[in-house]
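Trainee: Dumping the structure here so I can ask a few things about it.
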Amino acid sequence: MSSKMPPNLSLNLEGMELLTIQYMLDGKNTEYGYKFKLLGLDKASFSGSRDEDMLDTSLVQTAEEAGDLRKVKFYIHHVESPEKSRAVKLNFYEDGHITSGSEITPEEFDKIVEAISATKTYSRYLNSLDDLIDDYITEINLKGEREKYRNRVSHAFEELSSNELNVSSDHVVDSYIHSMVLANIGIGLYKKSISGSDLDYDPSMVPTDWNPYISKFFENYAQYQMEGIPEEAHNFVVSNINKLLDAVDPTEEGYSAITLLEEAQQQYDL
């Protein structure tokens, strides 16, 4: 009798990974109005009336203290009536299986699998902007100034994706995911700069009109979280992000923030 253990088929998904899956499936979380700082949660399930203010519910107030987001909800358009849509809620369980709150077609299931696959592939670049700032903010600011700094960095990244990729800040999830992805790509480029790689960049691509808090974020993160940063690392990072923004077409069908990660992987082998 074989003593081999069965393969571990569990699927562990963090809050930002679940949010990214929902984003890729055209989720509508913006209509619930909860804050993204709540994504550090444990066993929190967000559902309810679209008119309900989720911030005022006991669920959110309790979940703010601990947990993982376990459910995502998105909408599928009817093939015969594209103006109509139906809600689909996915439930993710600790043993790795996934259930749906309503029937889905094989094609719809394929899209779900693709979203999960892409999210797991790029999971190391799905650290929230808040978490990245938390890694160093106590080093540089008096407590009373930290929230102001955090808000300015967040606004700077929103402004960047709005100006360069036409991402509306009104589309909260879209804007949030783009900010997160751009910040993580920049950190990935910083790590590449200290790996001994040639810091090849086009000086003409070093941006001069970006919000200065973009540079502050990257420089502060590198200063307090990395060692051996080359002198030209910052110009290498921002010029290549600028080049990356030029390389993608946000009007192209199928474009999403994940497109930036795919392009960055292809160009820079992050």
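The values are calculated or read from the model by the stated rules, or taken from the named source; none is laboratory data. Note that the structure is predicted; figures quoted are calculated from it, not measured. So basically every Cβ, Gly included, is an ideal-geometry build from the backbone, and we count neighbours across all protein chains shown. Side chains are part of the model used for accessible areas, which takes the heavy atoms of the whole protein and leaves out ligands, DNA and RNA. Shrake-Rupley method; radii C 1.70, N 1.55, O 1.52, S 1.80 Å.
Trainee: I need the helices (runs of 4 or more DSSP H) fully contained in region 125-240, keeping only those with at least 3 residues that are open to solvent by less than 10 Å² (accessible area, probe 1.4 Å) and within 18 Å of ALA257 (Cα to Cα).
Mentor: Numbers: elements: 129-134, 137-140, 143-165, 172-193, 212-225.
Filter on region 125-240 gives 143-165, 172-193.
Trainee: I've got another one for you. Pairs only if they're at least six apart or on different chains, beta carbon under 8 angstrom, first in region 129-141 and under 13 Å from ARG152 (Cβ atoms), second open to solvent by 50 Å² or more (accessible area, probe 1.4 Å); list them, first residue then second.
Mentor: Cβ pairs passing all conditions: ILE137/ARG146; ILE140/TYR224.
Trainee: So, in region 212-270, exactly how many residues are among the basic types (Lys, Arg) and under 30 Å from GLU114 (Cβ atoms)?
Mentor: 1
Trainee: From SER204, SER154, grab the single residue that is closer than 18 Å to SER239 by Cα and at pLDDT 90 or above.
Mentor: SER204
Trainee: Which residues, taken from region 87-123, are modelled with pLDDT of 70 or more and surrounded by fewer than 12 Cβ atoms within 10 Å (Cβ to Cβ)?
Mentor: THR99, SER102, GLU103, THR105, PRO106, GLU107, ASP110, VAL113, SER117
Trainee: In addition: Which ones in region 241-270 are open to solvent by 70 Å² or more (accessible area, probe 1.4 Å) and closer than 16 Å to MET205 by Cβ?
Mentor: Matches in region 241-270: LYS243, ASP246.
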